[in-house]
Amino acid sequence: MAPGLKPLLKIGSFGPAVRELQSLLNQLPTSLARLTEDGQFGSKTRGRVVEYQGSHNLVPDGVVGPFTWESLLSFVNQHGPGLVEAVIGPEDESKARETIATVARQQYETFGGFDPAVHMGSVKIAGSLCANPATRARQGGAQLAAIFSVAGVTSASKCPFITVEAEKMYQRNHSAEERNKIDIPSWCGIFALYCCKMAGLRLSPWPLRYSLMGTKPGDEFRLLTVGEKPMKGDIGIKLVVNGKKLNHHFVIVDAPETGSSFSTVDGNAGMRQEIVARSYTQSEIYKSNGGFLRVLWDRVLPRATSPGI
């Protein structure tokens, strides 16, 4: 069947077309789990779709329309049965940094900038809000589930919907422990890991793995020293503000060579668990007792094993 005749697939779709999609995705290299080819389009299938879209210049919305069908069928047909052994990803550090920043910006442009007067019920993420009281759909919950799935977070299944109890919790003061018990965890670091994995880096599932020097077995990041300048593609951590522990992570998307300020995209930010664009200074982060993480490139950069892939 030609790509243009394929049905549009998304969360909740089922049947032979979904099974075909799952079979195609299982032929691709991935940092995520292999799909059960059961014909049910759930959060794991959506995570794999978003992973593919993000690495092939498609809008990473998790919806399989004519452009995604055409790209996926063409890619699998072009590279044949040996595709699953191939490794796809950025060739060097410079390209990886650009790709991380691009993924973060695309996420902000597509799923960030939530305005309750305009975007209720849309794909825009506001994780603490219920978009539909009848179905208990979380605002932007489908994409939030994809972010969790790609990052390897086990609670991804909680993302599409929000309970009445969780919604009420967000309307009052609550602890991190209560939030983790009742609803999804804070996802700023999960979002940062998602951007890195969507850029093609071979990283382990959440949490981030790092130490001061990045020399421990299993480390995939290291903390920068105070004298090192943060760069595009690094991850920042704002730790304590006014005596309150934030442990807030963000992705640096632009860091000019002159000056100490840099532009960021932050997940789980704003008043409603949104994706927002911000700027910080290096001194501001260090005053919060925070710091910056840099990928250990020699450990997580993919090495191409098949020409042209």
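The values are calculated or read from the model by the stated rules, or taken from the named source; none is laboratory data. It should be emphasised that the depicted structure is a prediction, and the values quoted were computed from it without experimental measurement. Every residue, glycine as well, gets a Cβ built from its backbone with ideal geometry; the counts of neighbours run over all protein chains shown.
Summary of values
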| quantity | calculated |
| --- | --- |
| Unique residue being in a strand (DSSP E or B) and at negative phi when the list is Val265, Val226 | Val265 |
| Qualifying positions in the stretch 127-156 - more than 19 Å from Val63 (Cα to Cα), in a loop (DSSP other than H, G, I, E, B) and among the small types (Gly, Ala, Ser) | Gly127, Ser128, Ala134, Gly152 |
| Matching option when the condition is under 20 Å from Asp234 (Cα atoms) and either over 15 Å from the mean Cα position of the chain (by Cα) or modelled with pLDDT under 90 (or both), among Glu93, Glu85 | Glu93 |
| Members of the stretch 50-69 found to be in contact (Cβ under 8 Å) with a residue 60 or more places away in the chain, part of a helix (DSSP H, G or I) and of a type outside the set (Gly, Ala, Ser), listed by number | Val50, Glu51, Pro66, Trp69 |
| Test: residue in the stretch 267-284 that is touching a Cys at 6+ places or on another chain (Cβ under 6 Å) and not assigned by TED's automatic domain parsing to the domain that holds Gly152 | yes |
| Residue selected from the stretch 184-221 under the condition polar (S, T, N, Q) and either touching a residue at least 24 places away in the same chain (Cβ under 8 Å) or assigned to a loop (DSSP other than H, G, I, E, B) (or both), by the criterion surrounded by the fewest Cβ atoms within 10 Å (Cβ to Cβ) | Thr215 |
| Residue selected from the stretch 239-277 under the condition touching a helix residue (DSSP H, G or I) at 6+ places or on another chain (Cβ under 6 Å) and under 14 Å from Gly291 (Cβ atoms), by the criterion surrounded by the fewest Cβ atoms within 10 Å (Cβ to Cβ) | His248 |
| Condition check for Leu246: under 21 Å from the mean Cα position of the chain (by Cα), in a loop (DSSP other than H, G, I, E, B), at pLDDT below 95 and outside the structural domain of Trp187 (by TED's automatic domain parsing) | no |
| Exclusive hit being in contact with a Gly (Cβ under 6 Å, 6 or more places away or on another chain) and hydroxyl-bearing (Ser, Thr, Tyr), set Ser175, Ser149, Ser128 | Ser149 |
| Members of the stretch 157-183 that are without any contact (Cβ under 8 Å) to a residue 12 or more places away in the chain and in a loop (DSSP other than H, G, I, E, B) | Gln171, Arg172, Asn173, His174, Ser175 |
| Residues of the stretch 151-172 that turn out to be of a type in the set (Val, Ile, Thr) and touching a Ser or Thr at 6+ places or on another chain (Cβ under 8 Å), as a count | 1 |
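Conditions (1) under 20 Å from Phe41 (Cβ atoms); (2) surrounded by 22 or more Cβ atoms within 10 Å (Cβ to Cβ); (3) in contact (Cβ under 8 Å) with a residue 40 or more places away in the chain; (4) not assigned by TED's automatic domain parsing to the domain that holds Val59, marked per residue:
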position	(1), (2), (3), (4)
Thr110	yes, no, yes, yes
Gly113	no, no, yes, yes
Val118	no, no, no, yes
Gly127	no, yes, yes, yes
Cys130	no, no, no, yes
Arg136	yes, no, no, yes
Leu144	yes, yes, yes, yes
Gly152	yes, no, yes, yes
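Every residue, every condition in (1) hydroxyl-bearing (Ser, Thr, Tyr); (2) modelled with pLDDT of 95 or more; (3) in contact with a Phe, Trp or Tyr (Cβ under 7 Å, 6 or more places away or on another chain); (4) closer than 24 Å to Lys244 by Cβ, yes or no:
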site: Ile162; (1), (2), (3), (4): no, yes, no, no
site: Tyr170; (1), (2), (3), (4): yes, yes, no, yes
site: His174; (1), (2), (3), (4): no, no, no, yes
site: Ile190; (1), (2), (3), (4): no, yes, yes, yes
site: Cys195; (1), (2), (3), (4): no, no, no, no
site: Leu201; (1), (2), (3), (4): no, no, no, no
